[in-house]
Every structure is written in structure tokens, then in C-alpha cells.
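The values are calculated or read from the model by the stated rules, or taken from the named source; none is laboratory data. These figures come from a predicted structure and were not determined experimentally. Note: ideal-geometry Cβ built from the backbone for every residue, glycine included; neighbour counts use all protein chains shown.
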């Protein structure tokens, strides 16, 4: 019985470790260049990833709020933010005009097939992740005003 418990605990711990590893789904820049979260995290020690969509009002509110304080975040923690749109082939044409109108200071990427969204097990957007040295260290779904302050506290913990 004790051995069975150890085997079960080992299996659960492996599953937890696997869940914090980054998916390898291909995402694209607005210019069509291909990359993955793994490649992005190799170039940056600490990143914030926000999955969002043009039709998602809380997503746009969150990204507006982050943009307002992004320069301060970078000055204090050197964090990089990547906003990854999950708009599909019907709505992806709205991304570039929206982003140009918002003048967000962070990198915008596209997950039009929702491969990354699926690999992350995201049922809703916005989904916000903090990735440190290639591992997901924080995950939060949804947005309410003021959540960006809580996100920054988490960023500081990992910087």
C-alpha cells in the first residue's frame, strides 16, 4: 500500500512538473515570422504572456492597464510583455488595426489556430502567465480593474 502511494505521488509530481513546462505551439508575429514561447523565453529571463482577443473587452482593458505602467515595470524588473491574440481566421484581420490604434508598447503575436491556447489548457481569455527561465511560475484567468497591481507584485517576486 505504501509503495502504491509513493508511485501515485511520483506520477502526480511528474504531471505538475510537465504542466509548468512551456508548450511548443508555433505562434506568429504580425509580420508573419514564426516563433514559440520556448524560443521567446530563451531570449528573456522574465516574461509576461497575455492571451487575448479583439472581441474580449476584459482582455483589452487588461492590456490597456498594463500598457499604462509597462515602462515602470521594465525599469524596475526588466520584464517583457507578449500579448498573444487568439483571434481566429474570421477576426484576425481586426488585430493589427486595433493594436495600431492602441499603440501598445509590448510585442503582439498571433495564435490563429488556437494551438497555444489549447496546449496551455486555457478555456477563457484573458489568460495571463508569468514565465521565468522557461517555466510558468504564475497563471491567472480573467481581469478586474486593479489586477495589474497584483500581477506586478507577482512579477517582483520572480524578478
| message | Filter the stretch 103-120 down to the residues that are in contact (Cβ under 8 Å) with a residue 60 or more places away in the chain and closer than 25 Å to residue 149 by Cα and list them by number. | response | 107, 108, 109, 117, 120
| Do we find a residue being assigned to a loop (DSSP other than H, G, I, E, B), within 20 Å of residue 129 (Cβ to Cβ) and modelled with pLDDT under 95 anywhere in the stretch 32-48? | yes
| field | Among (1) part of a loop (DSSP other than H, G, I, E, B); (2) within 16 Å of residue 105 (Cα to Cα) - the single one residue 24 does not satisfy | value | (2)
| message | If I go through the stretch 92-112 residue by residue, how many of them are within 16 Å of the chain's Cα centre (by Cα) and surrounded by fewer than 14 Cβ atoms within 10 Å (Cβ to Cβ)? | response | 1
| request: Among the residues of the stretch 84-102, write down those that are free of Cβ contacts under 8 Å to residues at least 24 places away in the same chain and assigned to a loop (DSSP other than H, G, I, E, B). | output: 89, 90
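Just the residues that are assigned to a loop (DSSP other than H, G, I, E, B) and surrounded by fewer than 20 Cβ atoms within 10 Å (Cβ to Cβ), please, taken from the stretch 113-128. Walk me through it before giving the result.
Of all residues in the stretch 113-128, those assigned to a loop (DSSP other than H, G, I, E, B) come to 113-114, 120-126.
Matches in the stretch 113-128: 113, 114, 121, 122, 123, 124.
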| message | Whether any residue in the stretch 141-148 is more than 20 Å from residue 29 (Cα to Cα), free of Cβ contacts under 8 Å to residues at least 12 places away in the same chain and assigned to a helix (DSSP H, G or I) is what I want to check. | response | no
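Yes or no, residue by residue, for (1) in a helix (DSSP H, G or I); (2) closer than 19 Å to residue 44 by Cβ:
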site: 58; (1), (2): yes, no
site: 64; (1), (2): yes, no
site: 69; (1), (2): yes, yes
site: 73; (1), (2): yes, yes
site: 130; (1), (2): no, yes
| query | Going by the structure shown, is residue 78 without any contact (Cβ under 8 Å) to a residue 12 or more places away in the chain and either over 14 Å from the mean Cα position of the chain (by Cα) or on the phi > 0 side of the Ramachandran plot (or both)? | reply | no
